[in-house]
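What follows draws every value from the coordinates through simple rules; no lab data is involved. Owing to the predicted nature of the structure, the values given are computational and were not obtained by experimental measurement. Note that we place each Cβ from the backbone using ideal geometry, even for glycine, and neighbour counts take in every protein chain shown.
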Amino acid sequence: MSNIRLLVADDHTLFRRGIVGLLTAQADMEVVGEVGRGEEAVREAIEVSPDVVLMDIGMPGMNGLDATKEIRKQAPKVQVLMLTMHDREDYLFQALRAGAAGYVLKGADVQDLLSAIRSVNSGEVYLYPTVTKKLLADYLRRVESGEDRASYDGLTDREREVLGLIAQGKTLPEVAQALYLSLHTVQTHRDHITKKLDLHTKAELIKYAIRKGLVTPDI
């Protein structure tokens, strides 16, 4: 199996070099670039095509959120993992809307960061534990107010089951096995879900599923 190719985008040179050193020491990872500005991250992501970009939010010029949107638009196969000091709900939701596949705080344990990288590289969504608490709190607030208690935006019961399993990080073959369905049927359900909800990234789907109570994040 080939190494995970990484681009590190952070304007704090000492922190960035430390992260690069940490990642380079991993047997399954390779740093293919490091930049200090959002527009540089976009350019490098397009030219170098890394598997994962570690993206800071607060950078001079184009910020990390805008850079993530641009990368997802111009290089959709590149996954973006936000690595930030901002433990705030508004930044989290903006990152998910921008297309980020994960959100990790800079104060996270090293193993959490490495797990996050491996998770998003394999197509999963990774949210740092304190971040999932915020998502769960948001869901509970909406349920208590009655905002999200009844409506599932036209999803059938089976589609809700499929969405819940996808949001848990399961692959489509795993969903098919769990529900005793064919892979083609699961793919059809997934296509119907994305069309009905107008949500096209795993990050968007997992946020919706948690907010609707179809899956509960680990806390």
Quick calc: nm separation of the 7 Å Cα→Cβ label points for D28 and T156 -> 3.7 nm
Net length gained if the chain between L179 and R118 were fully extended (0.36 nm per residue, minus Cα distance)
19.3 nm
Can you work out ³J(HN,Hα) from phi for every residue in region 43-54, in order, using Karplus 6.51 cos²θ - 1.76 cosθ + 1.60 and θ = phi - 60°, giving whole Hz and x for Gly and Pro?
4, 5, 4, 6, 6, 8, 6, x, 6, 9, 10, 8
³J(HN,Hα), Karplus 6.51/-1.76/1.60, whole Hz, each residue of region 5-22, x for Gly, Pro:
8, 10, 10, 10, 10, 7, 7, 8, 4, 5, 5, 4, 5, x, 5, 4, x, 4
Computed from the beta carbon distance with a Förster radius of 30 Å, FRET efficiency for T171 and F93 to the nearest 0.05 stands at 0.75
Here the Kirkwood hydrodynamic radius of region 1-130, Cα-based and in Å, equals 14.1 Å
Using 0.36 nm per residue of separation minus the Cα-Cα distance, give me the extension gain between I46 and K77 in nm, one decimal.
10.2 nm
Nonlocal amide H pairs with L181, under 5 Å, H built at 1.01 Å:
none
